Amino acid sequence: MKENYQKELDAVVARLTDKPRLLLQSCCGPCSTYVLSYLKQYFDITLLYYNPNIQPRAEYDLRLENQRKVLAAMPEVHILECAYDGEAYNAAVRGLEGEPEGGARCTVCFRLRLEETARLAAEGKFDYFCTTLTVSPHKDAARINTIGRALGEQYGVAWLPSDFKKREGYKQSITLSRELDLYRQDYCGCLYSKNT
């Protein structure tokens, strides 16, 4: 039976008695809009901007600038910015350049970003970690949640299950992005996705 990650998230939220600390990896400002507005009711959030897959560097900087724009409207959310490290992505996907979009290269990319999130969550003694990636209709929520759970077990930090595209999350992210006048990119991040 197909898992309903939104219901799993609802169950976690229903059990909360305080605002636990959440390290939320964000792929970009537009995807974070709805996710942050939803989760900040329940969690003390630090947003992690770790995206070595975004190419070229100018695109990375533009997306980071728009991420900061979102957070200026949500001052209660903290940000942890990682230095640009495109070589980490290139090394991770070496040999997978010819894979189709959504294939094995994307799985490696999800794992790369989520592993760094889990590592930093454990190091910072966060209660949970998660990602905004599941808000996109182009991303496989089951694959992302499977990777996240495994990394949560490996690093000893609870994975927050999600499928943020549910309940019109993606649609709401578009509306919020327009309200904040955000740059909305037309490709996932890596140059391979730009060329598809």
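Structural remarks
- The lone criterion from (1) buried (at least 16 other Cβ atoms within 10 Å of the Cβ); (2) over 23 Å from Ala121 (Cα atoms); (3) out of contact with any Lys or Arg (no Cβ under 9 Å at 6 or more places or on another chain) left unmet by Asn66 is number (3).
- Filter result for Gln25 (over 17 Å from Phe126 (Cα atoms), open to solvent by less than 50 Å² (accessible area, probe 1.4 Å) and either among the hydroxyl-bearing types (Ser, Thr, Tyr) or at pLDDT 95 or above (or both)): no
- Residue in the range 98-116 that is at pLDDT 95 or above, part of a loop (DSSP other than H, G, I, E, B) and either touching a Gly at 6+ places or on another chain (Cβ under 8 Å) or open to solvent by 70 Å² or more (accessible area, probe 1.4 Å) (or both) present: no
- Residue that is nearest to Cys188 (Cα to Cα) [pool: residues in the range 13-42 that are free of Cβ contacts under 8 Å to residues at least 12 places away in the same chain and assigned to a loop (DSSP other than H, G, I, E, B)]: Gln41
- Per the conditions (1) open to solvent by 20 Å² or more (accessible area, probe 1.4 Å); (2) out of contact with any Phe, Trp or Tyr (no Cβ under 7 Å at 6 or more places or on another chain); (3) touching a residue at least 24 places away in the same chain (Cβ under 8 Å); (4) under 22 Å from Leu151 (Cα atoms), the sole criterion not satisfied by Glu76 is (4).
- Pairs meeting the criteria (first residue in the range 167-178 and farther than 18 Å from Leu71 by Cα, second residue modelled with pLDDT of 95 or more and open to solvent by 50 Å² or more (accessible area, probe 1.4 Å), beta carbons under 9 Å, at least 6 apart or on different chains) are Lys171/Lys165.
The values are calculated or read from the model by the stated rules, or taken from the named source; none is laboratory data. Computed from a predicted model, the values in this text were never measured in an experiment. Here the Cβ is made from the backbone with ideal geometry for all residues, glycine too, and neighbour counts use every protein chain on show. For the accessible areas, the whole protein counts, side chains as well, though only heavy atoms, and no ligand, DNA or RNA atoms are used. Shrake-Rupley method; radii C 1.70, N 1.55, O 1.52, S 1.80 Å.
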